[in-house]
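So the structure is just underneath, and the comments pick up after that.
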Amino acid sequence: MSKMTLCKVVFFLPLTQAYTYKVPSSLVSRIHVGARVVASLGSRRHWGVVVALGGEDREDLKEVEGLLD
């Protein structure tokens, strides 16, 4: 598995944890802690905030879909 940039995202929903997402290569140079992003959570798209970079890579991780800032 190649080295992938990951980020942890929190959503403004009644959830108790941050979720880890892959960062697509087109966003790697622009993503940062505090950035607002769009990502799938379940079957819906939500916006959230990046609270950390890094995390444990797994095959089942989804990608951040876009950057709002």
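Data table
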| quantity | calculated |
| --- | --- |
| Cleavage-rule hits (GluC sites (Glu not before Pro)) in the chain: DSSP loop, at most 10 neighbouring Cβ within 10 angstrom | E56, E59 |
| GNM result for the chain, Cα springs below 10 Å: residue of L13, L41, L53 fluctuating most strongly | L13 |
| Principal axis box of the chain, alpha-carbon based, largest edge first, Å | 33, 25, 19 |
| DSSP-loop trypsin sites (Lys or Arg not before Pro) across the chain, with at most 16 other Cβ within 10 angstrom | K3, R30, R58, K62 |
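Bear in mind these aren't lab numbers, they're just calculated from the coordinates by the rules spelled out. Everything numeric here is computed off the predicted structure, so don't read it as measured data. Here the Cβ is made from the backbone with ideal geometry for all residues, glycine too, and neighbour counts use every protein chain on show.
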